[in-house]
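A.B. asks: Take a look at this one; I'll ask things after.
The values are calculated or read from the model by the stated rules, or taken from the named source; none is laboratory data. The shown structure was predicted, so the numbers you read here are calculated from the model rather than taken from an experiment. Please note: Cβ atoms are built from the backbone with ideal geometry, for glycine as well, and neighbour counts cover all protein chains shown.
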Amino acid sequence: MSTPTVMKFEQALAKFEPVLGIETHIELGTNSKMFCGCPTAFGAAPNTQVCPVCLGLPGSLPVTNHAAIEGIIKIGLALNCDIVEWCRFARKNYFYPDMPKDYQISQYDEPLCVDGHLDVEVEGETYRIEIERVHMEEDTGKSQHVGGATGRIQGADHSLVDYNRAGIPLVEIVTKPITATGDKAPLVARAYATELRELVRSLGVSDVRMEQGSMRCDVNVSLMPRGAAEWGTRTETKNVNSLRSVERAVRSEIERQAAVLDSGGRIVQETRHFHENTGTTTSGRSKEEAQDYRYFPEPDLVPMAPSREWVEELRATLPELPAARRKRVQQEWNLSELELRDAVNAGAVELIEDTIKAGAAAPAARKWWMNELSRRATEQGVELAELPITPEQVARVQAMVDARELNDKLARKVFEGVLAGEGAPDEVVAARGLKVVSDDGALAAIIDQVIADNADVADKIRAGRVAAAGALVGAVMKASRGQADAGRARELILEKLGAS
Amino acid sequence: MSELVKKSAAELGALIAAGETSAAEVAQAHLDRVAAVDGEVHAFLHVDAEGVLAQARAVDGRRAAGEELGPLAGVPVAHKDVFTTADMPTTAGSKILEGWRPPYDATVTARLRKAGLVILGKTNMDEFAMGSSTENSAYGPTRNPWDLARIPGGSSGGSSAAVAAYEAPLSTGTDTGGSIRQPAAVTGIVGAKPTYGGSSRYGLIAFASSLDTPGPFARNVLDAALLHEAFSGHDPMDSTSVDRPVPPVVEAARRADVAGMTVGVVKEFGGEGYQPGVLARFNEAVELLESLGAKVVEVSCPNFGYAMPAYYLIAPSEASSNLARFDAMRYGLRVGDDGSRSAEEVMALTRAAGFGPEVKRRIMLGTYALSSGYYDAYYGKAQQVRTLISRDFDAAFEQVDVLVSPTTPTTAFPIGERADDPMAMYLADLCTIPSNMTGNAAISVPCGLADEDGLPVGLQIMAPVLGDDRVYRVGAAVERALEDRWGGPLLAQAPELEAK
């Protein structure tokens, strides 16, 4: 395969206007699968969460999971969609080894949710992303191609199929064409994926983890010459597994298509694969010889007809959505745009808020989550929310700091202990003996020793240079191995040296 | 031949309950009969004598332990090989499932067991229930006990032959376009197609999901009603199953009168293409109904003529999708997997080797009818025809309580006669298909022998959706009057099969 030449992004945007479309698949976090009672836990041994229905055994029949329908309706409502009064599942027919029935139960011309929108912000400007449809389907099994260089089916020695994923409820969210974003196109795409992830996460219907595949984006890109009226031919890039990749895939596809078009070539309508390591896409299956999926209404299921009362009940259960929450916390916590964005990007807003609810002051709650705990999450390569510590525990540590039982240094040690599984903050404090020494008797002995060891500094303080006390406090902290209450030590030093 | 095999299911149930015989003794008598005649008839694909006796002894044990058992406890039943059975192979008459042992019982299977019926074995059928003669079985044809050179009907021909040959007092079938009623008619027994959704499809290997209906075969109407009642009723595993009480079919079969009822004769069914002997017996049956106190009127159902062409679009379309799962990946036959071929090649080779010609013909028909660009003209149009047929039925049932027609235009034809002429074969279902298209209840009861060939003729009685009790009531009335006239059941006139 020859490496396609690319045009510099700025140059590409000077000549062409990009049009985007994003299809997002989200696995719902229901306890059981879409059409059977099998569990959905991620990471189980292959083919242990299967039954006649999700294996597509002869004679088996699907039964719709009510919780999944509830989940998709919530997503539809949060995306400002209309929930239709009547719709059906359809069969999408194609042969593939990881498809147990060799058809996927999906929806075709009768999606459950239609005509919504989601507003996203890029560099202070709001873009309204129109949502075409949100529909319900089932996930396929997962193929693993063994041998060969690429891990793809071409060149593999053999393939293994894990059907644990087969039948997990999948929601597909399809945007209308996203136009007039200009050179912001890659950022708008990323902002949309980010906002969608936040939105779905806030609904509690999915863990939306791109690295585990519970949220997957397919990015459609086409270019038209500036001033043209007709859209160009689009490509669909799959395998875009992170928010950053969404941005990079759009950028790379714009650069590639611009080069092709500029040299008089034409864009082939095709599926392309994104490669994390190079940030570029390569050609996959051509869609010009389009697959005929022979859709028809699924005869094994009755139509869905969500009552208006039920839809309104679900609407009433929607939580505060991310955009509204962001506006509120920015005000309540007095954050700059940048501070807010950092907290949002770190997935910390809810954690901070819960920590505040548990009694901590806003600045302290934000400080712990955004600094110490973010650092540890990065070290461990996990999301902040996955750290084995609760907002209540963070608030408890801060309460001990406020009560001067801990200082910041000791607090960090408490976090270390909690994260290492040594127990709740109080247990870690007790087990590690991390109490601040604020008892005057114990401190006085240390201070006397420090004054004796640093007579010259003590003299300066006696002479009125109060600022020099810092050096003695530091020595006290060192001598107490960090456990002294620094504030009380300072008071006692100044008192002893007659400088208070 | 033991006298036990000539008894009705109701009689056997009563004798076992009274302790005058045991389930084991009854099972042994039927096993002996199978051993004696099935070499000629070939009704069964699988009989496990030891397993049958073990089931029977278990029922006797349940009774001895004081368990309250139903009226058919201990009675043998021959089970169509389209229902999954966890303790017996299930092939649907196809090579592609040869040797497959399902890991689960169909709902119908489970309910037979629960009612204490003893499953004698699995019966032969047209491959995937596609056919009207059982000649399409991959395991060789079944022969009609009335004349071993003739077909026993199909697709449930093994089930009809088993009951007509006294190998079993009861059997199960499935009716997609007439696959219970037509075999019942040509073997001189009773066969009912319940309301669609009245009996569960879970574990029924699908041919056409929107049409397939499990139903009973028996040598008299009351037995059929008892079996109908034993396995019918709502099943949460089948979304299309009706959540309503089973219509009172047993009570209706006992009532056996037509006083005050209006019977409609379908004007369109008769004339050219109908065997004179069939029409003669049918007309006599209509006169009989009138003499029994029914009011008889002629009813026109102008769209019934389109039922067969529409059926041959809908059923193959659904079948083309339902049969996609036989792809050699998870179960059943696998051809050409020598390490050098791709999964797609193995799928193609397996399907080429594993499916018979009629199945391939229907998969191709259905694939074509669902193809993009043809869907509206074929599948879509056929669904509209379905609505028109429904309207014909609705209009008819405003005037009449039941509709009657010959069950099938001719008596049993010789094996091989229509094997190379699909259109001639399809005509066997001309009168039965309309009820499948709309899901209403129907039955076939014997109404005499055709003068030309001395072979059985069936009377079809049709009632509205969930009006199953009406077809049993009218069927039982006709049966009682005719048996008075004949001095016993029609089947008593069948030639004795020679034991070999």
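A.B. asks: Quick test for you: out of B:ALA419, B:ALA424, pick the one residue that is free of Cβ contacts under 8 Å to residues at least 60 places away in the same chain, small (Gly, Ala, Ser) and out of contact with any Ser or Thr (no Cβ under 6 Å at 6 or more places or on another chain). Give the derivation first.
C.D. replies: Numbers: B:ALA419 fails: free of Cβ contacts under 8 Å to residues at least 60 places away in the same chain.
Exactly one residue qualifies, and that residue is B:ALA424.
A.B. asks: Also, I was wondering about something else. Scan the stretch A:176-219 for residues that are among the β-branched types (Val, Ile, Thr), modelled with pLDDT of 95 or more and in a helix (DSSP H, G or I) and jot them down.
C.D. replies: A:VAL188, A:VAL200
A.B. asks: Let me ask something else. Is there any pair with a first residue in the stretch A:55-69 that is at positive phi and a second that is modelled with pLDDT of 95 or more and of a type in the set (Ser, Thr, Tyr) whose Cβ atoms are under 6 Å apart and which are 6 or more apart or on different chains, and what are they?
C.D. replies: Final answer for the pair search is A:GLY59/B:THR84.
A.B. asks: While we're on this one: Looking only at the stretch B:83-104, count every residue that is part of a loop (DSSP other than H, G, I, E, B) and farther than 12 Å from A:LEU57 by Cβ and tell me the total.
C.D. replies: Going through the stretch B:83-104 one residue at a time, the tally reaches 10.
Conditions tested, residue by residue: (1) farther than 17 Å from B:ASP38 by Cα; (2) aromatic (Phe, Trp, Tyr); (3) outside any loop (DSSP other than H, G, I, E, B).
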residue	(1), (2), (3)
B:TYR139	no, yes, no
B:SER155	yes, no, no
B:SER160	no, no, yes
B:THR172	yes, no, yes
B:PRO183	yes, no, yes
B:VAL186	yes, no, yes
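A.B. asks: Still on this structure, I have one more. Go over the candidates B:ARG362, B:ARG330, B:ARG325 one by one and state the one that is more than 9 Å from chain A (Cβ to nearest Cβ) and not polar (S, T, N, Q).
C.D. replies: Just a single option satisfies the conditions, and that option is B:ARG362.
A.B. asks: Please indicate, with yes or no, whether at least one residue in the stretch B:344-360 is of a type in the set (Gly, Ala, Ser), closer than 20 Å to A:SER60 by Cβ and in a helix (DSSP H, G or I).
C.D. replies: yes
A.B. asks: Is there any pair linking a residue in the stretch A:210-221 that is surrounded by fewer than 18 Cβ atoms within 10 Å (Cβ to Cβ) to one that is among the small types (Gly, Ala, Ser), with Cβ under 9 Å and at least six apart or on different chains, and which?
C.D. replies: A:GLU211/A:SER242; A:GLN212/A:GLY43
A.B. asks: Quick one: which helices (runs of 4 or more DSSP H) lie wholly within the stretch A:389-466 and hold at least 1 residues that are in contact (Cβ under 8 Å) with a residue 60 or more places away in the chain?
C.D. replies: On the way: elements: A:391-402, A:408-419, A:425-432, A:440-453, A:455-462.
Qualifying helices (runs of 4 or more DSSP H): A:408-419.
A.B. asks: Within the stretch B:34-66, which residues are closer than 19 Å to B:PHE217 by Cβ and touching a Ser or Thr at 6+ places or on another chain (Cβ under 7 Å)?
C.D. replies: Once the filter is applied, which keeps residues that are closer than 19 Å to B:PHE217 by Cβ and touching a Ser or Thr at 6+ places or on another chain (Cβ under 7 Å), the stretch B:34-66 yields B:VAL41, B:HIS42, B:ALA43, B:PHE44, B:LEU45.
A.B. asks: Can you list residue pairs whose Cβ atoms sit under 8 Å apart, with the first residue in the stretch A:95-119 being under 26 Å from A:ASN47 (Cα atoms) and more than 9 Å from chain B (Cβ to nearest Cβ) and the second being aliphatic (A, V, I, L, M) and surrounded by fewer than 21 Cβ atoms within 10 Å (Cβ to Cβ)? Count only pairs 6 or more apart in sequence or on different chains.
C.D. replies: Partner pairs satisfying both residue conditions: A:ILE105/A:LEU301.
A.B. asks: Checking A:ILE26 against (1) of a type in the set (A, V, I, L, M); (2) more than 26 Å from the chain's Cα centre (by Cα); (3) surrounded by 22 or more Cβ atoms within 10 Å (Cβ to Cβ), only one condition comes out false. Which one?
C.D. replies: (2)
A.B. asks: How many residues are closer than 29 Å to B:GLY380 by Cβ, of a type in the set (A, V, I, L, M) and either touching a residue at least 24 places away in the same chain (Cβ under 8 Å) or away from every other protein chain (no Cβ under 14 Å) (or both) if we restrict to the stretch A:294-336?
C.D. replies: Summing the residues that are closer than 29 Å to B:GLY380 by Cβ, of a type in the set (A, V, I, L, M) and either touching a residue at least 24 places away in the same chain (Cβ under 8 Å) or away from every other protein chain (no Cβ under 14 Å) (or both) in the stretch A:294-336 gives 3.
A.B. asks: With (1) assigned to a helix (DSSP H, G or I); (2) over 19 Å from the mean Cα position of the chain (by Cα) as the list, and A:LEU340 as the residue in question, which single condition is left unmet?
C.D. replies: In the conditions (1) assigned to a helix (DSSP H, G or I); (2) over 19 Å from the mean Cα position of the chain (by Cα), A:LEU340 misses (2) alone.
A.B. asks: Checking the structure you have, find out if any residue of the stretch B:403-416 is facing another protein chain (nearest Cβ under 10 Å), under 30 Å from B:SER137 (Cβ atoms) and surrounded by 15 or more Cβ atoms within 10 Å (Cβ to Cβ).
C.D. replies: No, because not a single residue in the stretch B:403-416 is facing another protein chain (nearest Cβ under 10 Å), under 30 Å from B:SER137 (Cβ atoms) and surrounded by 15 or more Cβ atoms within 10 Å (Cβ to Cβ).
A.B. asks: Being part of a helix (DSSP H, G or I), surrounded by fewer than 22 Cβ atoms within 10 Å (Cβ to Cβ) and within 14 Å of chain A (Cβ to nearest Cβ) is the requirement here; does B:LEU388 meet it? Spell out the reasoning first.
C.D. replies: Details: part of a helix (DSSP H, G or I): yes; surrounded by fewer than 22 Cβ atoms within 10 Å (Cβ to Cβ): yes; within 14 Å of chain A (Cβ to nearest Cβ): no.
Spelling it out, it is not the case that B:LEU388 is part of a helix (DSSP H, G or I), surrounded by fewer than 22 Cβ atoms within 10 Å (Cβ to Cβ) and within 14 Å of chain A (Cβ to nearest Cβ).
A.B. asks: Which ones in the stretch B:181-224 are more than 10 Å from the chain's Cα centre (by Cα), within 14 Å of chain A (Cβ to nearest Cβ) and of a type in the set (S, T, N, Q)?
C.D. replies: B:SER199, B:SER200, B:SER209, B:SER210, listed by residue number.
A.B. asks: If you check B:LEU72, B:LEU117, B:LEU148, which single one turns out to be aliphatic (A, V, I, L, M), in contact with an Asp or Glu (Cβ under 9 Å, 6 or more places away or on another chain) and crowded, with 24+ Cβ neighbours inside 10 Å?
C.D. replies: Sole residue among the options that is aliphatic (A, V, I, L, M), in contact with an Asp or Glu (Cβ under 9 Å, 6 or more places away or on another chain) and crowded, with 24+ Cβ neighbours inside 10 Å: B:LEU72.
A.B. asks: Answer yes or no: is there a residue in the stretch B:114-134 that is within 14 Å of chain A (Cβ to nearest Cβ), among the acidic types (Asp, Glu) and either assigned to a helix (DSSP H, G or I) or within 11 Å of the chain's Cα centre (by Cα) (or both).
C.D. replies: yes
A.B. asks: If I filter the stretch A:32-43 for residues that are more than 29 Å from B:THR107 (Cβ to Cβ) and either of a type in the set (Asp, Glu) or assigned by TED's automatic domain parsing to the domain that holds A:TYR295 (or both), do I get at least one hit?
C.D. replies: Yes, the stretch A:32-43 has at least one match.
A.B. asks: Let me ask another. Looking at the stretch A:121-139, which of its residues are touching a Phe, Trp or Tyr at 6+ places or on another chain (Cβ under 8 Å) and at pLDDT below 95?
C.D. replies: Residue satisfying the conditions is A:GLU121 alone.
A.B. asks: Taking only the stretch A:294-332 into account, find how many residues are not in a helix (DSSP H, G or I) and not acidic (Asp, Glu).
C.D. replies: 15
A.B. asks: Might you check whether a residue that is within 15 Å of B:ALA115 (Cβ to Cβ) and either among the aliphatic types (A, V, I, L, M) or outside any helix (DSSP H, G or I) (or both) occurs anywhere in the stretch B:43-56? Before you say what the answer is, go through the steps one by one.
C.D. replies: Filtering the stretch B:43-56 for residues within 15 Å of B:ALA115 (Cβ to Cβ) gives B:55-56.
Retained after the next criterion (residues that are either among the aliphatic types (A, V, I, L, M) or outside any helix (DSSP H, G or I) (or both)): B:56.
Yes, the conditions are met somewhere in the stretch B:43-56.
A.B. asks: Continuing with the same structure: Any residue in the stretch A:7-14 that is crowded, with 17+ Cβ neighbours inside 10 Å and part of a helix (DSSP H, G or I)?
C.D. replies: Looking for residues that are crowded, with 17+ Cβ neighbours inside 10 Å and part of a helix (DSSP H, G or I), one finds at least one in the stretch A:7-14, hence yes.
A.B. asks: Can A:VAL161 be described as more than 30 Å from A:ALA324 (Cα to Cα) and buried (at least 21 other Cβ atoms within 10 Å of the Cβ)?
C.D. replies: For A:VAL161, the condition - more than 30 Å from A:ALA324 (Cα to Cα) and buried (at least 21 other Cβ atoms within 10 Å of the Cβ) - is met.
A.B. asks: Looking at the stretch A:238-267 only, could you name the residues that are among the hydrophobic types (A, V, I, L, M, F, W, C), in contact with a strand residue (DSSP E or B) (Cβ under 6 Å, 6 or more places away or on another chain) and not in a helix (DSSP H, G or I)?
C.D. replies: Answer for the stretch A:238-267, where residues must be among the hydrophobic types (A, V, I, L, M, F, W, C), in contact with a strand residue (DSSP E or B) (Cβ under 6 Å, 6 or more places away or on another chain) and not in a helix (DSSP H, G or I): just A:VAL240.
A.B. asks: Can you tell me which residue among B:GLU398, B:GLU344 is among the acidic types (Asp, Glu), surrounded by fewer than 21 Cβ atoms within 10 Å (Cβ to Cβ), within 14 Å of chain A (Cβ to nearest Cβ) and over 24 Å from the mean Cα position of the chain (by Cα)? Let's see the steps before the verdict.
C.D. replies: On the way: B:GLU398 fails: within 14 Å of chain A (Cβ to nearest Cβ).
The unique qualifying residue is B:GLU344.
A.B. asks: Out of B:GLY271, B:GLY339, B:GLY354, B:GLY293, I need the residue that is away from chain A (no Cβ under 12 Å) and modelled with pLDDT under 95. Which one?
C.D. replies: B:GLY271
A.B. asks: For A:ILE267, indicate whether it is closer than 30 Å to A:TRP231 by Cα and either out of contact with any Cys (no Cβ under 9 Å at 6 or more places or on another chain) or crowded, with 19+ Cβ neighbours inside 10 Å (or both).
C.D. replies: Numbers: closer than 30 Å to A:TRP231 by Cα: yes; either out of contact with any Cys (no Cβ under 9 Å at 6 or more places or on another chain) or crowded, with 19+ Cβ neighbours inside 10 Å (or both): yes.
So A:ILE267 passes the test.
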